[in-house]
Amino acid sequence: MSVIPVIDISPLVSSSSEQTKFDVSQAIRRACEAVGFFQMIGHGIDEQLFDKLVIEARRFFAQSSEEKQRYAVHKWNPSNSNQYRGYFPSSVNGKEGLDLSSPYMNSEHELVKKGDPLHELNQYPMHGVLTQYWDEMWRISLELLRAVARTFDLDASHFDKLLDDRAFGGAGTLSTFRLNYYPQLGNQTPVSIGADDGEPLSCEEHYDGCVLTILYQHKVGGLQIQSENRTWVDVPIVPYALVVNTGKCLERWTNGCLRAVKHRVKLLKEERLSIPFFLEASYSTPIVPLPTAGGAPKYDPIIYGPYIIENNSKFKEYQRDDDKSS
């Protein structure tokens, strides 16, 4: 694996023929089988929206610590009830971030009212460019999962109701929209060290547990993925492209056909802004290997909500115990 595929998905978001859509869908499947990552162009998102999003992210992170602390989750701001959705400081794991939930979460749902961590409403006002970008991520996410469905001989809409269950009495998608900021520090201490090569890292080696991750990396790279021979490959900056990778959930769903791949961020000497969208299933969605994926099931059935809570507990920014080092 020496090249991360660049795929033009414009036929998926246009009135192209079904055969053309299927051809692009097959290209996505091949990339997820062979590499686990691809760069997506032709997504139809206006470049000005990316630029506005970057301005909004920089504006947020440029605020004083006291101002950002207003939106920190309960662990770092006891006056806030949110345990999961909100701001976390750079002292946690080298980067600071803001986790946002769907602006369309059903506020009257019982899980929202009782404050279930995965169903928390945003305390940071999510409007304007943030909502616009969420809408675009959701649009693209559905098209990508419809592409996956096609290649497994399923109806294109197979995953739709499993990602957003509001029409069936649920509270909506658990998907997370995050702003990440890696500050420029002259004597920055690595968050961790590469297990095989001793590379100093700004973000530890990990797999994403979600369905898909769609990442906008703005101008500064550093993201690497692990190849099959355990070497590390840089993910290049392609202006206004989106980096897509398979999460562990989709790997399970496709009975191992689509691969979740370990990735990391090298220690940087300059500031870095990255904006991932983690596509999640709904809380009660059963994750069962697709019957059309072939072979005996390699994974036991699970329910998405408990699964992703356990998965996220591996990451320092989601650990909610009294960690003195944080």
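Between the range 207-223 and the range 100-125, how many Å separate their Cα centres?
24
What nm distance separates the two modelled labels at VAL238 and SER313, each placed 7 Å from Cα along Cα→Cβ?
3.8
Which aspartates and glutamates, if any, have their Cα less than 20 Å from the Cα of LYS68, not counting same-chain residues under 8 positions apart?
Counting by Cα, and skipping residues close in sequence, LYS68 has these aspartates and glutamates nearby: GLU56, GLU96, ASP99, GLU120, GLU271, GLU317.
Modelling each spin label as a point 7 Å along the Cα-to-Cβ direction, I'd like the ALA167/GLU228 distance in nm, to one decimal.
3.9
Once you've got the Cα coordinates, tell me which of LYS113/LYS262; LYS219/LYS262; LYS95/LYS161; LYS266/LYS298 are over 29 Å apart. Before the final figure, lay out each step's value.
Working: LYS113/LYS262 36 Å; LYS219/LYS262 22 Å; LYS95/LYS161 34 Å; LYS266/LYS298 33 Å.
Listed pairs above 29 Å: LYS113/LYS262; LYS95/LYS161; LYS266/LYS298.
Per residue of the range 78-88, what does 6.51 cos²θ - 1.76 cosθ + 1.60 with θ = phi - 60° give for ³J(HN,Hα)? Whole Hz please, x for Gly and Pro, Karplus curve as stated.
For the range 78-88, the Karplus-derived couplings read x, 7, 9, 7, 4, 9, 10, 9, x, 8, 10 Hz, x marking Gly and Pro.
Pop a pseudo-label 7 angstrom from the Cα along the beta-carbon direction at both LEU121 and LYS52 and give the gap in nm to one decimal.
2.4
Can you compute 3J(HN,Hα) from phi for each residue in the range 123-139, using the Karplus curve 6.51 cos²θ - 1.76 cosθ + 1.60 with θ = phi - 60°, rounded to whole Hz and x for Gly and Pro?
Once θ is set to phi - 60°, the couplings for the range 123-139 become 8, 7, x, 9, 8, x, 5, 5, 5, 4, 5, 4, 4, 5, 4, 5, 4 Hz.
When ranked by the protection proxy of mean other Cβ atoms within 10 Å per residue, highest first, what sequence do the peptides 213-226, 276-289 form?
276-289, 213-226
Evaluate the Kirkwood expression for the hydrodynamic radius of the range 6-318, namely the inverse of the mean inverse distance over all pairs of different C-alpha atoms, and round to one decimal in Å.
For the range 6-318, the Kirkwood estimate is 20.0 Å.
Compute the signed sum of charges (Lys and Arg +1, Asp and Glu -1) over the other residues within less than 14 Å, Cβ to Cβ, of ASN229.
Taking every other residue near ASN229 into account, the sum is -1.
Computed from the coordinates by the stated procedures, all read-outs in this text should not be read as laboratory data. Everything numeric here is computed off the predicted structure, so don't read it as measured data. Positions of Cβ are backbone-derived with ideal geometry, glycine not excepted, and every protein chain shown enters the neighbour counts.
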